[in-house]
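If you scroll down you'll find the structure; I have some questions about it.
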Amino acid sequence: MTNIKSICVYCGSSNLVSDEHLAKAHQLGRMAAENDIEVVYGGGRVGSMGRVADGALAHNGTVTGIIPEYLDKLEVAHKDVNELIVVDSMHTRKMAMFERSDAFCILPGGLGTLDEFFEIATWKQLGMHDKPLIVVNLENFWTPLLNLINHQISAGYLRQNPDDIYSVVNNIEEVFTQLKSMPESNIETDLKQL
């Protein structure tokens with residue numbers, strides 16, 4: 001992994017999800033640490049968010065959490081991460097996560113995860129960045145979303161091949177296989193345009 005030093009993980013903050021998804025989030029954190037890749041995430045200690053952070057920390061990984069002030073208590077900020085950044089808004093959070101990350105990984109999650117995925121995918125579609133974006137379709141969780149995007153293509157609303165925007169993998173190991181094969185970034189991002 002020549003140029004990937006940090007990965008932003010978008011995922012849920014609910015504990016009311018499958019044990020398998022929580023275990024896979026932990027595995028992602030562990031494998032990031034084993035590959036010497038910093039985890040950048042939403043800063044919570046609950047749900048998949050917490051499991052990603054715990055997985056990395058348990059294997060001497062580096063974890064940066066970024067959380068808005070008003071979610072600090074709701075999502076119960078993870079105080080054991082290497083760096084916890086409390087920001088003023090969701091917009092600031094997303095920009096800070098973008099700035100600190102060389103790649104993005106989408107695990108199962110709720111509306112916030114969808115929001116983060118669509119924003120980072122739209123920025124890539126518009127040519128504002130070319131950082132890797134990987135959707136982890138655990139147990140076909142994201143298949144309805146992927147079908148919707150294919151529907152948008154067939155209806156003429158999306159002309160770009162989704163393969164040029166994001167990759168889809170079915171397990172955590174494939175995330176790191178994909179990252180190893182990604183080309184160097186060619187776009188110097190002007191953050192003012194985002």
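Tell me the volume per residue, in Å³, of the convex hull enclosing the alpha carbons of the chain.
It is 111 Å³ per residue.
Turning to a different aspect of this structure: If you plug each phi of the stretch 143-159 into the Karplus form 6.51 cos²θ - 1.76 cosθ + 1.60 with θ = phi - 60°, what whole-Hz ³J(HN,Hα) values come out, in order, with x for Gly and Pro?
Going residue by residue, I get 4, x, 5, 5, 5, 4, 5, 4, 5, 4, 5, 5, 8, x, 8, 10, 9 Hz, with x marking Gly and Pro.
Per the 1.4 Å probe, what fraction of the accessible area of the stretch 89-188, in percent, lies on carbon and sulfur atoms?
So the carbon and sulfur contribution to the accessible surface is 51 percent.
What whole-number value in Å² describes the accessible area per residue of the stretch 93-152 for a 1.4 Å probe?
That works out to 39 Å² per residue.
Which of the three applies to the stretch 1-98, rounded, prolate or oblate, going by the alpha-carbon gyration tensor with a ≥ b ≥ c and a/c under 1.5 meaning rounded?
Since a/c reaches 1.5 but b/c is at least a/b, the shape of the stretch 1-98 is classed as oblate.
I've got another one for you. What FRET efficiency comes out for Tyr157 versus Asn60 if R0 is 45 angstrom and r is the Cβ-Cβ distance? Round to the nearest 0.05.
0.50
Another question, if that's okay. Kindly list the residues of the stretch 34-74 that lie in the label zone of Asp115, defined by a backbone N under 18 Å from the point 7 Å along the Cα-to-C-beta vector.
Residues 41-50, 66-74 fall inside that zone.
Then there's this: Using a 7 Å offset from the Cα along the Cα-to-Cβ direction at both Ser6 and Asn140, what is the distance between the two label points in nm, to one decimal?
Result for the modelled spin labels: 3.7 nm.
Going by alpha carbons, how many degrees (0 to 90, nearest 10) lie between the helix axis of 111-125 and the longest principal axis of the chain?
That helix lies at roughly 50 degrees to the long axis.
Still on this structure, please answer the following. Please give me the summed charge of the neighbours of Leu158: other residues whose Cβ is under 14 Å from its Cβ, Lys and Arg +1, Asp and Glu -1.
So the environment of Leu158 carries a net charge of 0.
Suppose every Lys and Arg Cβ carries +1 and every Asp and Glu Cβ carries -1, with no other charges. What dipole size does the stretch 10-102 come out with about its Cα centre, to the nearest 20 debye?
Magnitude of the dipole: close to 180 debye.
What do you get for the angle between helix 19-34 and the principal long axis of the chain? Use alpha-carbon atoms, 0 to 90 degrees, nearest ten.
The angle comes out at about 90 degrees.
Further, regarding this structure: Any chance you could check the Cα centroid distance between the stretch 28-87 and the stretch 106-143 for me, in angstrom?
Answer, in whole Å: 19.
Let me ask something else about it. Report the net charge of residues surrounding Asn60, where surrounding means a beta-carbon distance below 14 angstrom and charges are Lys +1, Arg +1, Asp -1, Glu -1.
-4
Based on the mean of other Cβ atoms within 10 Å per residue, sort peptides 139-145, 51-57 so the most packed one is first.
Averaged packing, sorted descending, gives the order 51-57, 139-145.
Right, another one. Return a whole-number percent for the relative contact order of the stretch 32-166, with Cα pairs under 8 Å and 6 or more residues apart as the contact set.
Over the stretch 32-166, the number comes to 17 percent.
The values are calculated or read from the model by the stated rules, or taken from the named source; none is laboratory data. Model, not experiment: these values are computed from the prediction. Every residue, glycine as well, gets a Cβ built from its backbone with ideal geometry; the counts of neighbours run over all protein chains shown. Remember, those area values only see protein heavy atoms, side chains included, never the ligands or the DNA or RNA. Shrake-Rupley method; radii C 1.70, N 1.55, O 1.52, S 1.80 Å.
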